[in-house]
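Below is one structure, written out as structure tokens; the observations come after it.
Derivation of every value follows stated rules applied to the coordinates shown; laboratory data play no part. Note that the structure is a prediction, hence the values are computed from the model and not measured. Cβ: placed from backbone, ideal geometry, glycine included. Neighbour counts: every protein chain shown.
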């Protein structure tokens, strides 16, 4: 597998009035195509900041972000928007679905924004994604008619509609009950088995252990990296960061 993501000495500083907060402090990381990595750390450790920088939703204060051969630092906002549509799928904790659109329309929206004018192909792909996620019978409903687990499945279908190079998931099970959360994790694991590269932020050791490797951030620094698979090992590493 080739190298897909390379982060070099990544730093991010936020300013609130006269106060500076360093969310990331010199993080370097490489992710190969087809890998499934999860990121853990206590509140304020820089997890979501890292995800936002990789996805081009924010810019680093220092260091560089390369994704699929693109240097994000050099891109203006228009170029970043094009990059995200072409290369990145996002799954968020609170779904971020458009309430007045149907499930099918929500899934197809990124493809339409990418100016893919082949409406028939978009319709066929959205139908196939909804079927693969077990919610094809919900296509004509609106988000407010669905359960939380169903809404997150719609969000995953939407994230995959443009066949992204990289799938970024920010606490994808954080707003779900245990059963629905496990269902979403099963879907992410299936995506990975089909070759999808995934970077997932989570606070849940059980979710994190689904990944091949688990990265731990502490005070904006990457301090540990262990193999996934064992939730207890993940929980122990997280507890050791206190």
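Before moving on, here are some points about what is shown:
- Fraction of antiparallel bridges per DSSP, the chain only, in percent to nearest 5: 60
- Calculated mean residue ellipticity, 222 nm, the chain: -10500 deg cm²/dmol, from DSSP H runs (n ≥ 4) at -39500 (n - 2.57) each, averaged per residue and rounded to 500.
- Sorted by Cβ neighbour density within 10 Å, fewest at the top, the residues 176, 53: 176, 53
- For region 166-189 and region 68-135, distance of Cα centres in Å: 18
- Computed over the alpha-carbon pairs of region 124-242, the distance histogram in 10 Å steps reads 12, 42, 31, 12, 3 percent, short to long.
- Computed from Cα atoms, the angle from the helix 148-160 axis to the main principal axis of the chain rounds to 90 degrees.
- Helix 178-193 axis versus longest C-alpha principal axis of the chain: approximately 90°, rounded to the nearest ten.
- Normalised by the number of residues in region 1-144, the mean separation of alpha-carbon contacts (under 8 Å, six or more apart) gives a relative contact order of 20 percent.
- Note on region 1-130: the C-alpha convex hull projects to 10.3 nm² when averaged across all orientations.
- Working from Cα pairs under 8 Å separated by at least six residues, relative contact order for the chain is 27 percent.
- The residues 120, 12, 141, 47, when put in order of fewest to most other Cβ atoms within 10 Å, stand as 120, 141, 12, 47.
- Degrees, to the nearest 10: 103-113 long Cα axis against longest axis of the chain: 70
- Sorted ascending by nearby beta carbons within 10 Å, beginning with the fewest, 236, 194 become 194, 236.
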